[in-house]
Amino acid sequence: MQFTRRLIHIPAYTALMLCLCMLVACARNESVQTLEQRDLMRLVFKGWDINDDKDIIRAPQLKAELPASVTAENGLALRMHALHVQKLDADTAVLLVKGESLASGLPNLIAAYWFKRRSEAWSLTNRQDVVEWLAANGRISKTSMVELFPGDFAMAIEHSHVEKNEVHVWLRLLRIEADKISPLFDKDKDVDLVKHVESGPECEIMMRPGKGKHPRLHLHENEQDPPHCYDYLARWELAPGIAAPGPLLVEFAGKTYGYRQVSRMTDSAGERTNSYDFVITAQKGKKKLVFDADTQKYVVVNDKPVKAK
């Protein structure tokens, strides 16, 4: 009788052990031992860096709405790259990720994922699949982590957009909080770092240093306006505060290259000719932005360009 009972209990015990083994295996698959970027990416995106299309993630893995520029038919495929891992405290860390669209003309993505350490393993506890959609055809040229005040961080993104004869580079600051990422500038209020505008091929010669004096330009009234060119460059620095985000300081310089009308003549046939002199207008200055506690955003408090001699 006792032998029979053992036979009856062996399958139940075996089943229990199998269940425990499966749970342990699942727990291992849902956590990692280190904060290495590759391990965290594999934890967040199943199959990342393993499938034939390495690093590519399809939209269903992103628990967020797609941008308006992406139709439901074509979906969205993104090449995901880890940007930074930042420890918020001894047991909490966040992974910042960028997604580059494989299709042209579609925006790029910034995403964030939070991890908690339990014993010696790190587990995914929160995700923000869409922090920001950057401009279509834009690129992220540089990212860095900055300290707003002790223990409080932001990711600085320098992103660019090139279209025809215009180049723009902007600074965007994203504050890293315990469970979300928040923009530190109002919408469409990123800080200008580079502006380069060329209205025509003449700009390359006009903006080249050491070319000497440009001759006066004479154009008939029905001819195209003279070229206009602009160059602007800024550098920024964030000074950490004590108990709140510190000031953001921007130092900039810009030059406008163009022609100023100086005279207008009409000949005997009634045809008008405008004359222009070449002019370079230079400006430089400093801009200061401070953190507003009510809006939780940076606002400009000083923006006084000075004409350079």
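The values are calculated or read from the model by the stated rules, or taken from the named source; none is laboratory data. This structure is a prediction, so every number in the text was calculated from the model and none was measured. Positions of Cβ are generated from backbone atoms using ideal geometry, with glycine treated the same way; all protein chains shown enter the neighbour counts. What goes into the accessible areas is simple: the full protein's heavy atoms, side chains included, and nothing from ligands, DNA or RNA. Shrake-Rupley method; radii C 1.70, N 1.55, O 1.52, S 1.80 Å.
Annotations
- Top-ranked residue in the stretch 162-182 [being under 11 Å from the mean Cα position of the chain (by Cα) and open to solvent by less than 50 Å² (accessible area, probe 1.4 Å); ranked as nearest to SER104 (Cα to Cα)]: VAL169
- Members of the stretch 269-284 that are surrounded by 13 or more Cβ atoms within 10 Å (Cβ to Cβ), without any contact (Cβ under 8 Å) to a residue 60 or more places away in the chain and over 15 Å from MET207 (Cβ atoms): THR273, ASN274, SER275, GLN283, LYS284
- Only one of SER141, SER104 that is assigned to a loop (DSSP other than H, G, I, E, B), without any contact (Cβ under 8 Å) to a residue 40 or more places away in the chain and of a type in the set (Ser, Thr, Tyr): SER104
- Filtered residues of the stretch 28-54 (kept if open to solvent by less than 90 Å² (accessible area, probe 1.4 Å), at pLDDT 90 or above and in a loop (DSSP other than H, G, I, E, B)): THR34, LEU35
- Test: THR266 is open to solvent by less than 40 Å² (accessible area, probe 1.4 Å) and modelled with pLDDT under 95: no
- Evaluated against (1) surrounded by fewer than 21 Cβ atoms within 10 Å (Cβ to Cβ); (2) touching a residue at least 40 places away in the same chain (Cβ under 8 Å), ILE157 falls short on exactly one condition, (1).
- So GLU204, is it part of a strand (DSSP E or B), charged (D, E, K, R) and surrounded by fewer than 16 Cβ atoms within 10 Å (Cβ to Cβ): no
- Taken together, LEU76, LEU83 contain a single residue that is within 29 Å of HIS168 (Cα to Cα) and at pLDDT 75 or above, which is LEU83.
- Close contacts from the stretch 168-182, counting a first residue that is without any contact (Cβ under 8 Å) to a residue 24 or more places away in the chain and part of a strand (DSSP E or B) and a second that is open to solvent by less than 40 Å² (accessible area, probe 1.4 Å) and of a type in the set (A, V, I, L, M, F, W, C), with Cβ to Cβ under 8 Å and a gap of 6+ residues or different chains, come to TRP170/VAL191; TRP170/LEU193.
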